[in-house]
């Protein structure tokens, strides 16, 4: 089961929810030991924060690399075929010189394939790093970190998922970046469920609506957690009712929670009564996914 | 003409609330500055929700292209599958005898197009969203809406900013105020490029401070001078102190300390900037003080 925690709008509490969900599912229920603690992937590679709450010890590291072209000037005739096929203007020919712009290159390899002289080889270009290791309560933690100045978050997320998602059917929680475009879509690919965290304000509603459209576009079942319940207005509730999105949990706005999270404490540390609620939440998610897959058959 | 971009790294720190207040203060406040407004958070554009824009123009935004395989010409050789590095080519399955492209996964690189021996693949441009020119309560506003699950938000950010800049130059406006996206990647790089000044809205939380440091590094990387404004200062005063001492060491001025104030949310519900909805609220007063400093820097950015 792969659950993505996302929001559209930033700062609604994705990481607050995702970390406490992971911690709640990692502890033993009375008489029911957890056979395997969940895997946690921080996919917000531009601003990864979950490590601040789950305190992982990173034991494995791997560079995020894309393969960029390297032109052998001795072989290059300046024919320009590479520049012609590059959709990103990452390789250009000026006279007899062929120049590569690594920040524009998506690493697709098209130039290498078309070069009639075989003058292009590819070399790895690091754009970030993947890190993994055990975190609080034996959670398997992994994250990607994009280098400052590098534009492309998507390859870092794609490689993080390939590197750190276990092959079996175990539980994986993916903490998504904000927004609704490529990095979020990459996080959502192959997910079984989308848990949307929102706040009951006009901004929260506007972006929840967009995120729900992405879920529909990708055919992923979704449910909503309303964070900071009590501020703002009733627009989010009305939207969820109309769109058939179940509201699975409400976390009231409380100064003590805001202060605790600000200090780097998790919701279940601040309010331990949420741990059983998160375990119930997983059951609700399982039921929703099961009933949908039965309906499909 | 000067360009101010409002960023944060972490989402939800209050970029748009600050941008809306500055738009109001620029138009009607004590320190007036004629400004064109641009919402560069095209993934989740919210500035329009508090500026009551009247749309004047609506344009289609064609983002990238995606590969489409012509079933009739595909011989099923699988070359496209072999060359695609984005897992976007789907092998024959479920009764489909030829290869197909998942448009959402397709990166638009066209490698398959050039390698297909049957010339059965073509690139088809995709409608990725719309951009708008509107007249808002506080001046011209350029904004956009990306269609769900679309790529190329950096390109759309560049387009929205370019339009705002052109109008500002045409009409002799003094400034372009850009409400930026969260993060430090492609859309943020597009938002900060060409800016004269970046204002980082930082939240005094563990996550907010971490991300503020990353976005300040990014501003330095692109050589854009930056100021910091602390929002929800009193939620975690030690965090605010941490931001202050970080900025002191880095030689960055902290221009504002906005307290947590429910009138900010109330104003949002009413569809107004907090400085217009409740001018004497603590947050509005702090924003007015911050704007004075920022407006002065717009005339003369810090080194």
In region B:124-154, the residues that are part of a loop (DSSP other than H, G, I, E, B), farther than 29 Å from residue B:276 by Cα and in contact (Cβ under 8 Å) with a residue 12 or more places away in the chain: B:147, B:149, B:150, B:151, B:152
Within region B:33-50, track down each residue that is over 22 Å from residue B:270 (Cα atoms) and in contact with a helix residue (DSSP H, G or I) (Cβ under 7 Å, 6 or more places away or on another chain). B:33, B:35, B:36, B:40, B:42, B:43
Selection status of residue A:111, in contact with a helix residue (DSSP H, G or I) (Cβ under 7 Å, 6 or more places away or on another chain), in contact (Cβ under 8 Å) with a residue 24 or more places away in the chain and not in a strand (DSSP E or B): yes
State whether one or more residues within region A:135-152 are in contact with a strand residue (DSSP E or B) (Cβ under 6 Å, 6 or more places away or on another chain), crowded, with 23+ Cβ neighbours inside 10 Å, modelled with pLDDT under 95 and closer than 17 Å to residue A:68 by Cα. yes
Which of the residues belonging to region A:247-283 are loosely packed, with under 14 Cβ neighbours inside 10 Å and either touching a residue at least 24 places away in the same chain (Cβ under 8 Å) or within 20 Å of residue A:221 (Cα to Cα) (or both)? A:252, A:276, A:280, A:283
Tell me the residue from B:243, B:252 that is touching a residue at least 24 places away in the same chain (Cβ under 8 Å) and buried (at least 23 other Cβ atoms within 10 Å of the Cβ), please. B:243
So which residues in region B:256-290 are within 14 Å of another protein chain (Cβ to nearest Cβ), without any contact (Cβ under 8 Å) to a residue 60 or more places away in the chain and more than 15 Å from residue B:201 (Cα to Cα), if there are any at all? B:261, B:262, B:263, B:265, B:266, B:269, B:270, B:277
Residues of region A:239-285 classified as within 14 Å of another protein chain (Cβ to nearest Cβ), within 27 Å of residue A:192 (Cβ to Cβ) and part of a loop (DSSP other than H, G, I, E, B), total: 1
Of the conditions (1) surrounded by fewer than 23 Cβ atoms within 10 Å (Cβ to Cβ); (2) farther than 22 Å from residue B:195 by Cα; (3) within 24 Å of the chain's Cα centre (by Cα), residue B:279 fails just one. Which one is it? (3)
Residue under evaluation residue B:79, criteria (1) at pLDDT below 95; (2) more than 27 Å from residue B:161 (Cβ to Cβ); (3) not assigned by TED's automatic domain parsing to the domain that holds residue B:192, criterion not met: (1)
Here are some conditions: (1) within 14 Å of chain B (Cβ to nearest Cβ); (2) over 20 Å from residue A:88 (Cα atoms); (3) modelled with pLDDT of 95 or more. Residue A:127 meets all but one. Which one does it not meet? (2)
Within region B:91-106, track down each residue that is out of contact with any helix residue (DSSP H, G or I) (no Cβ under 8 Å at 6 or more places or on another chain) and surrounded by 13 or more Cβ atoms within 10 Å (Cβ to Cβ). B:92, B:98, B:100, B:102, B:103, B:105, B:106
Name every residue in region B:142-171 that is over 17 Å from residue B:182 (Cα atoms), modelled with pLDDT of 95 or more and touching a helix residue (DSSP H, G or I) at 6+ places or on another chain (Cβ under 6 Å), in order of residue number. B:142
Among the residues of region B:218-237, which ones are within 10 Å of chain A (Cβ to nearest Cβ) and free of Cβ contacts under 8 Å to residues at least 12 places away in the same chain? B:220, B:221
Would you mind telling me which numbered condition in (1) within 13 Å of chain A (Cβ to nearest Cβ); (2) touching a residue at least 24 places away in the same chain (Cβ under 8 Å) residue B:159 fails? (1)
Identify the residue in region B:181-209 that is touching a residue at least 40 places away in the same chain (Cβ under 8 Å) and assigned to a helix (DSSP H, G or I) and, among all such residues, is nearest to the other protein chains (Cβ to nearest Cβ). B:207
Looking at (1) modelled with pLDDT of 95 or more; (2) outside any helix (DSSP H, G or I); (3) in the same structural domain as residue A:174 (by TED's automatic domain parsing), which is the only condition residue A:35 fails? (1)
Out of the residues in region A:44-77 that are part of a loop (DSSP other than H, G, I, E, B) and surrounded by fewer than 16 Cβ atoms within 10 Å (Cβ to Cβ), state the one that is nearest to the other protein chains (Cβ to nearest Cβ). A:55
The condition from (1) modelled with pLDDT under 95; (2) over 19 Å from residue B:88 (Cβ atoms); (3) touching a helix residue (DSSP H, G or I) at 6+ places or on another chain (Cβ under 7 Å) that residue A:170 misses is numbered (3)
Quick one: would you say residue A:218 is under 17 Å from the mean Cα position of the chain (by Cα), closer than 27 Å to residue B:106 by Cβ, without any contact (Cβ under 8 Å) to a residue 40 or more places away in the chain and assigned by TED's automatic domain parsing to the domain that holds residue A:160? yes
Answer residue from region B:162-180, given it is away from chain A (no Cβ under 14 Å) and part of a strand (DSSP E or B) and is farthest from residue A:261 (Cα to Cα) among those: B:175
Residue ranges of helices (runs of 4 or more DSSP H) in region B:12-96 with at least 1 members within 31 Å of the chain's Cα centre (by Cα) and closer than 30 Å to residue A:197 by Cα: B:15-28, B:48-51
Can you spot a residue in region B:240-253 that is under 25 Å from residue B:141 (Cα atoms), touching a helix residue (DSSP H, G or I) at 6+ places or on another chain (Cβ under 7 Å) and at pLDDT 95 or above? no
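The values are calculated or read from the model by the stated rules, or taken from the named source; none is laboratory data. The shown structure was predicted, so the numbers you read here are calculated from the model rather than taken from an experiment. We place every Cβ from the backbone using ideal geometry, glycine too, and count neighbours over all the protein chains shown.
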